[in-house]
C-alpha cells in the first residue's frame, strides 16, 4: 500500500488489478501557426480567447482491443479530454515547439488505445508533432508520431485520427482499427472531383500537361507526357489549376509569385524553417543578379563568360554582413538568420564553392573530376566495365556501327602495371556510359538549337589508393551523311599542358554536363 502511494505521488502509479481510478498522463508536442518564421500573435491571441469560451483542443482514445457497440470494425472511443494550460503557456518570440499536458481517465471498456481522435475547436491551425502516453495499464508507454497540420474542425468533413507508432501488415491490423485505417486512406485519396483548399491532404496525380503555354501561341504548346501509348508515364502531383484558354486539355501555369501558393498536400508544404531558408535564398538570388545584370549593360559579349575570372567574379566580393555567431543567435527570425549567415556568403554574391575556396584551380584535376562524379548527383550511372572495348546496344540497322573507338593504347599504360584483362578481372575498370542514351538526340540538338552536344563514354580506373580517375573520354556525333553510317568519334586522354591539356578539360566538361542532364531528364523519370 505504501509503495503504491509513493509511486502515485511521483506520477508513476502502479496499476491496481482492474486499473480503476488510474490516470494516464500524456504529453503533446505541437507548433502553433506561424507567418513566415515568426509567431502569428493575432492567431495566438484569438486561440487564447477561444479557450476562455471552451473552444479547445480535445483528444479521445480509440481502442485497439475493444470494438464499439454494434461496430466490430470500429474501436470504442473514450471520453474527450483537453490540452491543459494553453492560456497560461507563454508564446516564444521565435517559432518553435510548444509542450502541453493531457490527462486521461483509464477506461477498462476502451482498454489499450491504438489511435487518438483529435479535434481543434480553435480558430487557427497548428502543427501536431507527437503525442506520448505514459503508463498505460497492461502496456506502458504508447507513442504517436503525427507530423501533420490540424485545422479547425469546420474545415474537415471527417475526424482527424492518428495511429500509434506500431506498424502492422493489413492482415494483422487489429480489427477495431480497420474502419479508421480505411477512412484515413479514403481521405488521402480524395474522390477526384473536389476543389483543393489549403487545408486539404489529398494526394491525387495528373499527367504532365503543363509543360507548355498554348495561350502564348502554337510555338509554346508542348505535348502531354503520360497516358498515351508512346508516353505512358510519368505522373505529377495534381494541383487543381485552371485549364488554358486555347487548349482545355492543358493546365495553366502560374507566375513565380503565385506558384508559392499552388496546391500541395498540406503536410508536404515547406515547414517554417525550410520556407524561411527558401525565401531568404530567393531574396539573395535576386540581389545576386543585380550586379551582373548592370555590368552586362556594358559588356559586348552578353550572357557569356569571357574568362575564368568572369566565373570567379560571381562568387568573390559582395556585401559582407556581420558574421558573428553571437549576432546570429540573437536574431529570432529564421529569415533574417539566413541573411546573416556565418559562412562568409556575401549578400550580392553567390557563396564560394568549397572546392575552390582554398585552391582556385582544384576543379581542373582528374582527382576532383572523379571525386565529384562519385559525390555528385548521378553516381548510380557508374558501372563496372564488363567488356573492352565497350559495345553499343543501339540498333545497327538504324544507327550503324556504334562500337567504341577507345583502344588498348589509350589506357593500358595507366593501369598500374595491370593488363586490361587483369584490371577487368579485379574490378578496377569502370565506365560512365552516356553514349546510347544520348546519341539518338545529338543531331536534333546540334542542328536545331544553339547548344552543342556529344554522346560520351568515360573510362575510369580504381587506383590502389581508392581514387577513381578518368583514363579516356570518347566524344561522338552521328555521321554527317546519315545515322546508318555510324558515329564519328574522337578519344581524349589525360594531359596537363598545351592544346592537349585544354582539349582534355573540354572533354571532361562535356562528360560532366551529360551526367547532369541524364540525372535530370532520365534518372528522375
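The values are calculated or read from the model by the stated rules, or taken from the named source; none is laboratory data. For clarity, every value in this text was computed on a predicted model and none was experimentally measured. Virtual Cβ from ideal backbone geometry, glycine too; neighbours counted across all protein chains shown.
Taking the numbered list (1) at pLDDT 90 or above; (2) under 12 Å from residue 28 (Cα atoms) in turn, residue 119 passes all entries but (2). Only residues that are within 19 Å of residue 394 (Cα to Cα) and either in contact with a strand residue (DSSP E or B) (Cβ under 8 Å, 6 or more places away or on another chain) or crowded, with 23+ Cβ neighbours inside 10 Å (or both) were counted in the stretch 454-484, giving 12. Could you list all residues from the stretch 93-106 that are in a loop (DSSP other than H, G, I, E, B) and modelled with pLDDT under 90? Result: 93, 95, 96, 97. Just checking, does the stretch 167-176 include any residue being under 19 Å from residue 59 (Cβ atoms), surrounded by fewer than 18 Cβ atoms within 10 Å (Cβ to Cβ) and assigned by the TED database to the domain that holds residue 58? Checked the stretch 167-176: no residue is under 19 Å from residue 59 (Cβ atoms), surrounded by fewer than 18 Cβ atoms within 10 Å (Cβ to Cβ) and assigned by the TED database to the domain that holds residue 58.
Summed over the stretch 160-207, residues that are farther than 25 Å from residue 125 by Cβ, under 27 Å from the mean Cα position of the chain (by Cα) and either in contact (Cβ under 8 Å) with a residue 24 or more places away in the chain or assigned to a strand (DSSP E or B) (or both) total 4. In the condition set (1) more than 29 Å from the chain's Cα centre (by Cα); (2) more than 30 Å from residue 233 (Cβ to Cβ); (3) at pLDDT 90 or above, residue 509 is compliant with all but (1). Check the stretch 108-115 and report whether any residue there is free of Cβ contacts under 8 Å to residues at least 24 places away in the same chain and more than 28 Å from residue 188 (Cβ to Cβ). Checking the stretch 108-115: not a single residue is free of Cβ contacts under 8 Å to residues at least 24 places away in the same chain and more than 28 Å from residue 188 (Cβ to Cβ). Counting only helices (runs of 4 or more DSSP H) wholly contained in the stretch 355-470, the ones carrying 3 or more residues that are under 21 Å from residue 495 (Cα atoms) occupy 366-375, 408-411.
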